[in-house]
Amino acid sequence: MLLARGVVATPAFMPVGTLGTVKSLTPEELQELGADIILGNIYHLYLRPGVEVIAALGGLHRFMNWDGPILTDSGGYQIFSLAPFRTITEEGVTFRSHLDGSQHFLDPEKVVALQEAIGVDIAICLDECPGYPAPEAEVHQAAARTLRWAQRSLKARRREETALFAVVQGGMISTLRKEQAQAFRELDFDGYALGGLSVGEEKDLTLAMVEATTPELPQDKPRYLMGVGTPEDLVEGVARGVDLFDCVLPTRNGRNGMAFTSFGRVVIKNAAHTQDPRPLDEACGCYTCRHYSRAYLRHLFISRELLAYRLFTLHNLYYYLDLMTRMRQAAAQGRFADFRREFYQNRLEGGNSSG
Ligand SMILES: [Zn+2]
């Protein structure tokens, strides 16, 4: 994927830095972990500290000291999930801030302008994310409005260095997802995001929606599956043509003492780890696994020591980014099917969890 700040090898995983920080890590650590691109959220940054503050400090890259590409989510999902008292019209969305109750109005044009103002590399169009489950008529209406808003977003573009991705909606209706994708591919976006998934539906349904969408989108432009991301989801997403992922799981679950490993998940608070001298994952080369035992990590976590959050975040992001590297290599060598089989085999042999 070619961006103004360079090439990002795909498929790629974007660590989540909603507020302009990947919680507990420095940008240098993210680079060492192999992160090529990170994600922020314009809804959150607009509310705090404010786009004018970030712009006055030289843009988001300089503000947070990250030189690599940044994608910002438009905040469509956050407005519909976090903000109380939202009102949606054809013009845009009026909502109250979840921080202080202040009233705001955002429309597709302003959402593009805000992202351009802080100089991100990839901006996302404002979309309407229907709830789940939702009446079919509502899902159709939201999808149609998302398409009209995307057309307005395209016209609102001013900054060439900021790529613009559209969001394809369609709820859990595969025929609608397919139709929407076909309509969107006629528009000249730099990439296409699949939105409104992993909102409480069964895993098979998520994958069925991905399958209905990706083949209809241009093969030469990035396809981004928003907010979906267990390690299994990443493997299955790549198998279905997804190029970009983001998810809070490695960072958020890490802070809750859960490690993703090559053989399944490790829940560190479990008593079985009290005197365990082994690292989280013997196959892992991360800083945490090279230096610390499960016993020590459990001690830190139980004692609520700040280092625990950092060490788990470092391990989980290393695991995710390394998984993406291995998938890229396998795909380049034409052995992705073997890779996928081994991925599940390791989990079976590891009992899928160390408890
Ligand atoms: Zn590790």
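Where a number appears in this text, it was derived from the coordinates with a stated rule and is not lab data. Predicted model, so just to flag it, every value in this text is computed and none were measured. Using ideal geometry, Cβ is built from the backbone for each residue, glycine included, and neighbour counts are taken over all protein chains shown.
I'd like the chymotrypsin sites (Phe, Trp or Tyr not before Pro) in region 108-212 restricted to DSSP loop residues with at most 13 other Cβ atoms within 10 Å, sorted by number.
Those that pass, being in a loop and sparsely packed, number zero.
Rounded to the nearest 20 Debye, what is the dipole magnitude of the chain about its Cα centre when Lys and Arg each give +1 and Asp and Glu each give -1 at the C-beta?
740
To the nearest 20 debye, what is the magnitude of the charge dipole of region 200-355 about its Cα centre, counting +1 on the Cβ of each Lys and Arg and -1 on the Cβ of each Asp and Glu?
660
Using 1/(1 + (r/R0)^6) with R0 = 45 angstrom and r between the beta carbons of Gln275 and Tyr132, what's the FRET efficiency to the nearest 0.05?
0.55
When only alpha-carbon atoms count, how far does region 122-271 stretch along each of its three principal axes, as whole angstroms with the largest first?
Sorted largest first, the three principal extents are 57, 39, 24 Å.
To the nearest 20 debye, what is the magnitude of the charge dipole of region 75-143 about its Cα centre, counting +1 on the Cβ of each Lys and Arg and -1 on the Cβ of each Asp and Glu? Don't jump to the answer; show the numbers that get you there.
Numbers: 3 positive and 11 negative charges, 58 e Å.
Approximately 280 debye in magnitude.
What whole-number distance in Å separates the alpha-carbon centres of region 254-328 and region 137-213?
If we compute the Cα centre of each part, the gap is 36 Å.
Taking the beta-carbon count within 10 Å as an exposure proxy, list Thr206, Thr94, Thr26 from fewest neighbours to most.
Arranged by neighbour count, lowest to highest, Thr206, Thr94, Thr26 become Thr26, Thr94, Thr206.
Which one of His44, Met1, Thr72 is farthest out on the positive end of the charge dipole of region 1-132, using unit charges on Cβ (Lys, Arg +1; Asp, Glu -1) and the Cα centre as origin?
His44
What shape does the chain take by its C-alpha gyration tensor, where a ≥ b ≥ c are the square roots of the eigenvalues and a/c under 1.5 counts as rounded, a/b above b/c as prolate, and the rest as oblate?
Taking the square roots of the gyration eigenvalues as a ≥ b ≥ c, the chain is prolate.
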